[in-house]
Structures are given as structure tokens and as C-alpha cells.
Amino acid sequence: MSFHQISADQFQNSVFQTIGKEWMLISAEQEIDGKMVANTMTASWGGLGYLWNKNVAFAFIRPQRYTKEFVDNSEYFSLCFFGGEKKEELSYLGKVSGRDEDKIGKSKLTLTHLEDVPCFEEATAVLVCRKLYVQTMREDCFIDTSIINASYSEKDFHDVYIGEVEKIFVK
């Protein structure tokens, strides 16, 4: 089954279900030793919305994640959704670092590209996002400081990435 493009108005996925319960993969590519290499990570924090007169996606990446380096060094990233069908693979991709092994190759998922941005053939939906903004969350900006102890005991605050959703592909 191949992908086809839809408009943002046609994208009907509930982000509460799709991101929060089914998870997503954040993927990007960068040049390493003269060749393009992709990396991905599982995420369950993020969202979609409308900002700066653009359809946007936002995602959160901790500073120690290897995928952060790839997103930082690329103009584009993808968000891949799997309809809850690939939780085992997404769990693996969230636990293992691409620094240590070829986790994509071992994941049983098929790396492909849409608009020259890495994504996965098994996805049910792919958002191709152009990076617009990134900022590290700051401890002094938390209104509810209980979040700091619950989510940031190491003070490894996420970077917030906002990307313009340029294209949406579904199966």
C-alpha cells in the first residue's frame, strides 16, 4: 500500500490518542562520513496546531537523545504514526540508541523517504515538517513546579521543536 497526500483539513487523527497513547516516531537525517544517515526516536509528547499563520506540529526531545543531533542538523523532520499497530517496534526504538547499534535496521520497520525526509513504510500517516523554532524549556518558566520533580529530576529539560507541517501523507 502506498501513501497519498491529503490536506491538513482532511487529517482527522485525535492527537490525544495518536500521540499520547499510540506514540509516534520523530525522524531526521544528517550527513555522517560523507553519506546521509537517518535516526529516529519514539515520542509520546507533542501536538498539532496553528501558529504564525501556519499548520504546525510540536515535539519534545531531551538533550541526551541521539535523534536530537539529527533534528538539529536538518531543515526537516517527520512524524510517523502507526495506528497503535507497531507498539513493540516503537517501544524498542524508544529504548535503544542509534549511537550504540543500527536500531532502525533491527526494528523490523522499513525506512523510506517522502519529499526526501526519512519516514517508515509501515506508518499509517506521515507529517513532513520544516523546522521553524527550537527552544530549551527553562526551570524558571514552570508555573506548576511539581512537574519539575515528576519529569525532570536530572534537570534534562526538553527542547521544544515547532515545525511547519508542509505535507501530510496517509495510506
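Filtered by the rule that a residue be assigned to a loop (DSSP other than H, G, I, E, B) and either at pLDDT below 95 or not hydrophobic (A, V, I, L, M, F, W, C) (or both), the range 138-147 gives R138, D144, T145. Of everything in the range 83-102 that is open to solvent by less than 60 Å² (accessible area, probe 1.4 Å) and touching a residue at least 40 places away in the same chain (Cβ under 8 Å), the residue that is nearest to K35 (Cα to Cα) is G98. When the range 15-36 is filtered for residues that are within 16 Å of S74 (Cβ to Cβ) and open to solvent by 60 Å² or more (accessible area, probe 1.4 Å), the ones remaining, listed by number, are E31, K35, M36. Scan the range 30-59 for residues that are under 22 Å from K103 (Cβ atoms), under 12 Å from the mean Cα position of the chain (by Cα) and not aliphatic (A, V, I, L, M) and the total you get is 6.
With respect to (1) open to solvent by less than 30 Å² (accessible area, probe 1.4 Å); (2) under 15 Å from the mean Cα position of the chain (by Cα), the lone exception for V134 is condition (1). Just wondering, is there one or more residues in the range 148-166 that are closer than 20 Å to F16 by Cβ, assigned to a strand (DSSP E or B), touching a strand residue (DSSP E or B) at 6+ places or on another chain (Cβ under 8 Å) and not hydrophobic (A, V, I, L, M, F, W, C)? Within the range 148-166 (the criterion being closer than 20 Å to F16 by Cβ, assigned to a strand (DSSP E or B), touching a strand residue (DSSP E or B) at 6+ places or on another chain (Cβ under 8 Å) and not hydrophobic (A, V, I, L, M, F, W, C)), the answer is yes, since at least one residue qualifies.
The values are calculated or read from the model by the stated rules, or taken from the named source; none is laboratory data. Keep in mind it's a predicted model, so treat the numbers as computed, not measured. Cβ atoms come from the backbone with ideal geometry, glycine included; neighbour counts cover every protein chain shown. We work out accessible area using only protein heavy atoms, side chains counted, and drop any ligands, DNA or RNA first. Shrake-Rupley method; radii C 1.70, N 1.55, O 1.52, S 1.80 Å.
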